[in-house]
Amino acid sequence: MLDGASGRDRLDGDTEVLADHVCDLAGGDAFLGHTVQHGTRRRLLEGQAEETCRIDAVHRRPAARTVAREAGDALLTSDADDRDEAVVALTVDRRREPNGRGRLEKAAMELYRERGFDDTTVAEIAERAGLTERTFFRHFADKREILFAGGAELNELVVTTVASAPDAAPPLDASVAGIEAGGAMLQERRGRHFARQRQRIIDASPELRERELHKLAAMAAAVSRALRDRGVGEPGATILGEIAIAIFRISFARWVAESSGPDLTDLIRDALAELRALAAAEPLASARE
């Protein structure tokens with residue numbers, strides 16, 4: 001066994017080297033466990049690893065330094081007669097937590113309601129979820145994406161639905177079919193309860209309201225492009241794209257206004273029927289005569 005003070009001094013100098021070695025073994029996202037064989041300093045620094053647990057890259061050096069320090073402590077307390085044969089198994093068990101994305105979403109929504117979006121940080125969201133900031137950024141680009149995640153997929157579904165509408169479908173019907181498909185996806189994946197909470201958070205933040213408008217504008221442009229690809233000319237394609245998103249926006253607002261009631265897709269169909277009725281109605285001047 002190494003002498004207490006002298007052993008500590010010798011190991012202190014090796015801790016940083018072993019920490020570097022452990023970082024190399026960690027390999028960023030690898031799952032690993034450390035079985036450090038030692039007794040001689042050389043064997044300590046040439047620790048073996050097997051893939052069993054995680055060291056997050058953002059904390060690689062601190063975690064590795066902990067492994068190195070624990071290895072040194074084990075050496076100092078080892079009662080093995082032959083240091084060359086002593087084996088100390090050290091495990092840093094930081095396995096990926098289950099349902100990390102869902103836990104982050106839940107934590108973020110709680111904090112946004114309690115403190116407001118602007119006063120909530122990514123660190124606080126990760127802490128509330130019991131995860132690391134690095135885990136947060138594996139799932140979301142920033143804290144806004146908790147509320148806007150899936151936007152690209154939604155746009156893709158809308159565009160695909162418009163493009164795949166029957167050739168005989170009128171342009172208005174094709175465009176509304178697209179937003180109806182998008183509405184069905186939102187309703188199925190997020191549900192009314194989440195949508196209501198989300199909308200209250202967005203309404204309270206100028207930054208989020210601006211982003212919401214940007215997302216809707218992007219969807220309108222995507223619908224218009226899909227209509228042009230179907231042969232609809234301008235300005236008709238742009239007009240219909242804007243009309244489709246207006247129907248979606250109004251229907252969505254009605255959907256989240258109440259905790260129960262018609263589905264979002266039903267409200268979209270109702271809005272389209274209302275538009276058709278208005279378009280077919282007599283001019284106001286004629287109605288007054």
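What follows is calculated from the coordinates using simple rules that are stated; it is not laboratory data. Predicted model only: the values in this text are computed from it and were never measured. With ideal geometry, Cβ positions are generated from the backbone for all residues, glycine too; neighbour counts draw on all protein chains shown.
At 7 Å along Cα-to-Cβ for each site, give me the label-to-label distance between Ile239 and Ala218 in nm.
About 2.8 nm, to one decimal.
Using the Karplus curve 6.51 cos²θ - 1.76 cosθ + 1.60 with θ = phi - 60°, what ³J(HN,Hα) values do you get for each residue of region 248-260, in whole Hz, with x for Gly and Pro?
For region 248-260, the Karplus-derived couplings read 5, 5, 5, 5, 5, 4, 5, 5, 7, 5, 10, 6, 8 Hz, x marking Gly and Pro.
Can you give the FRET efficiency for His139 and Phe194, using 1/(1 + (r/R0)^6), R0 = 22 Å, r = Cβ-Cβ distance, to the nearest 0.05?
0.85
With each label point set 7 Å from Cα along the Cα-Cβ vector, what nm distance links Ile250 and Ala277?
1.1 nm
Looking at the square roots a ≥ b ≥ c of the eigenvalues of the Cα gyration tensor of region 183-289, which shape do they give, rounded for a/c under 1.5, prolate if a/b is larger than b/c, or oblate?
Here region 183-289 falls in the oblate category.
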